[in-house]
Amino acid sequence: MSSEKSTPLMRRRELIMGLAAGSVVPFMAGCAENAALGRSQLMLVSDGQLANLSAQAWQQSLQQERVLRDPAYNRRLQRVGERVVQASGQTQYDWEFVVFDNDTVNAWVLPNGKVGFYKGIMDMMVTDDHLATVMGHEVAHVAARHSAERASQQMAAQMGLGLLDALAQGQMGDAYDPDLAAALGAGVTFGVILPYSRQHEYEADRLGVDYMVRSQYDPRQAVDFWMAMSEQSQGHTAEFMSTHPSDDNRIAAMRAHMQSMNYV
Ligand SMILES: [Zn+2]
């Protein structure tokens, strides 16, 4: 397969087709209530579009990274992953848990429920509760539809209201600027694995801790784990920590949530 070469074009074409078919909704209609969060979100990306992009990103990861076959690592990730997913109620996705044979300290989840944990981060997880900390946090990003929201925010920023008006009125035609389409395509693609905003991190922390409690892991170990990660990452680059800075505010917010929910 020549997916490397054709992918950006395919994505662009997909997006334009989506726009033409009206599955990318105009700005004013593009808000959706998220039950997990209890707030509404800007939604300019359809679930179908995001699912397609996620599937592509997942295939690319499986091709580019070496998958670790060690049954102990895989069983562990599977065991914790399934428990947390059940507790989250996000069972509508086709969840898949894969360990990558790499010392990178990182983990991510795509919006279609494909989960990648690197050996490097798993080796830092002394207990399953530590693993559930990151799993809960990542599953929470999916439940909260953070990728779609982030991509939508980016699209809105890139496009401006004028263009969105044009889209709403179906004025796509030949006048559609291919550079802009490319920028839009890049924005959406990036949205699949885009670093989340601070607000998203706080929300994922809160929901993640809720999922830990529901799946009977110890939420106190979430605080321990984030603090340990923060210390470990001093002085060298940990991928995960560059997108998840464990500063005092974040830990304090997590503690406050745990107290308000009577978890501790
Ligand atoms: Zn996060």
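The values are calculated or read from the model by the stated rules, or taken from the named source; none is laboratory data. Note that the structure is predicted; figures quoted are calculated from it, not measured. All Cβ positions, glycine included, derive from the backbone under ideal geometry; neighbour counts span all protein chains shown. Side chains are part of the model used for accessible areas, which takes the heavy atoms of the whole protein and leaves out ligands, DNA and RNA. Shrake-Rupley method; radii C 1.70, N 1.55, O 1.52, S 1.80 Å.
Things to note:
- Qualifying residue in the stretch 114-126 (condition: touching a residue at least 12 places away in the same chain (Cβ under 8 Å), more than 16 Å from the ligand (Cβ to nearest atom) and small (Gly, Ala, Ser)): yes
- Hey, Met254 open to solvent by 20 Å² or more (accessible area, probe 1.4 Å) and modelled with pLDDT of 70 or more or not: no
- Residue selected from the stretch 103-113 under the condition over 9 Å from the mean Cα position of the chain (by Cα) and within 13 Å of the ligand (Cβ to nearest atom), by the criterion surrounded by the most Cβ atoms within 10 Å (Cβ to Cβ): Ala107
- Residue in the stretch 58-68 that is among the β-branched types (Val, Ile, Thr) and surrounded by fewer than 17 Cβ atoms within 10 Å (Cβ to Cβ) present: yes
- Odd one out for Ala36, checked against (1) at pLDDT below 90; (2) assigned to a helix (DSSP H, G or I): (2)
- Restricting attention to the stretch 127-142, the residues that are under 13 Å from Glu201 (Cα atoms) and either touching a Ser or Thr at 6+ places or on another chain (Cβ under 6 Å) or more than 16 Å from the ligand (Cβ to nearest atom) (or both) total 1.
- Those residues of the stretch 46-89 which are small (Gly, Ala, Ser) and either closer than 22 Å to Met155 by Cα or touching a Pro at 6+ places or on another chain (Cβ under 8 Å) (or both), in sequence order: Ser46, Gly48, Ala51, Ser54, Ala55, Ala57
- Qualifying residue in the stretch 192-211 (condition: away from the ligand (no atom under 12 Å from the Cβ), open to solvent by 10 Å² or more (accessible area, probe 1.4 Å) and at pLDDT 65 or above): yes
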